[in-house]
Amino acid sequence: MIVSKLPQVGTTIFTTMSQLAAECGALNLSQGFPDFDGPQTLREAVCRHVIAGHNQYAPMIGLPALREQVAAKIERCYGRRLDETREVTITPGATEAIFCAVQALVQPGDEVIVFDPCYDSYEPAVQLAGGRCVHVPLSLPNFAIDWERLEAAINSRTRLIILNSPHNPSGALISRAELDLLAALIRDYDIHLISDEVYEHLVYDGAPHASVLAHEELYARAFVVSSFGKTYHVTGWKTGYVVAPPDLTDELRKVHQFVTFCGITPLQWALADYMSAHPEHVDELPAFYQSKRDLFCDLLKGSRFAFTPTPGTYFQLVDYSAIRDDLSDVEMAEWLTREHGVASIPVSVFYQEPPQDLRLLRFCFAKREDTLRQAAEKLCRV
């Protein structure tokens, strides 16, 4: 008889809601992927490299050309000069990077602090390493870190803290001042960080992204993870990277080489070409996605949903309390999909113990304008 290592884990809510949307013919604003393609020249570059014969294994740590482009972008955006050979690793997606970082650090009995609501891959990775997640709820309504609760959660068993900014699902941002607070709080502990920054370039209203890469003290103990898929509208490529000091990178690569070994070669070549030719792409992303956020929010003003425009990511939370306070958010997401043709993600699934009165749904606005207009029209009729 099989004894499950993850007895509490079933099919993810993202798969469940996407399947339900397909069954119902609903507009899928649940799972976080665009319904439009990445840049044409980027896609053409993949074809070019496949035809050119770049189809065998890439180096385990990633193509030199792509690691160089990552290092150049980080120096330009955050002022940190990296050794791309010793500090940058290309991975098949950000989730794999996070998994490998957790396995590299966490020993049986270690505790890992996560902030609820948190992305669903964190806890299984910790459990598989023999560790235990300590869930610290973010303070509502702004999903801010509760510093007293965080300090109370830290002890001699705390091995790792996982940050996520811009935050999925809320879009909340961590400020530079908060990073300073965190540095002071963990200064006397042997605690490392994973900073999940896959939405690093999706920050709105002129706000800066406070990256751990730009924080000297925190970077010394951190893995910083990002995603080409999110940045270049190609989530199906499942290609990301992790940046860390050499000693941490060495440990991560020991795990990475036995999980996937390397990322997909022609995709890495194409990304390196595109990043070299179009460094301005990341600078244009905030305005690109803010226009979609603003359109979606403007269209929803005629609805009975309550919301505040999200400060980051490509997700918008809405409160449905004025519509169906008799339904849990899971029930509401299913009802909206079946009865009104728009799929979303219930926020409670990101919690270990969700607040009882939580009535929040997450909609993805990384969609074409006509998709957003159709979705908003349906939602305004609810």
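Quick note: the coordinates plus some simple rules give every number you see, no bench work behind them. This structure is a prediction, so every number in the text was calculated from the model and none was measured. No Cβ is skipped: glycine too gets one built from the backbone with ideal geometry, and neighbour counts run over all protein chains shown.
The residues of segment 256-310 that are over 29 Å from residue 59 (Cα atoms) and among the hydroxyl-bearing types (Ser, Thr, Tyr), listed by number, are 289, 291, 303, 308, 310. Among the candidates 96, 75, the residue that is over 15 Å from residue 195 (Cα atoms), acidic (Asp, Glu) and either surrounded by fewer than 17 Cβ atoms within 10 Å (Cβ to Cβ) or out of contact with any Cys (no Cβ under 7 Å at 6 or more places or on another chain) (or both) is uniquely 75. Take the residues of segment 314-355 that are among the charged types (D, E, K, R) and in a loop (DSSP other than H, G, I, E, B): which is surrounded by the most Cβ atoms within 10 Å (Cβ to Cβ)? Filtering first and then ranking leaves 324. Scanning segment 198-222 for residues being β-branched (Val, Ile, Thr) and assigned to a strand (DSSP E or B) gives a total of 1. Residues in segment 1-55 that are in a helix (DSSP H, G or I), more than 19 Å from residue 233 (Cβ to Cβ) and of a type in the set (S, T, N, Q): 3 in all.
Here residue 303 meets the list (1) assigned to a loop (DSSP other than H, G, I, E, B); (2) among the small types (Gly, Ala, Ser); (3) under 22 Å from residue 233 (Cβ atoms) almost entirely, failing just condition (3). A single entry from 226, 195, 211 fulfils the requirement of being under 13 Å from residue 165 (Cα atoms) and free of Cβ contacts under 8 Å to residues at least 40 places away in the same chain: 195.
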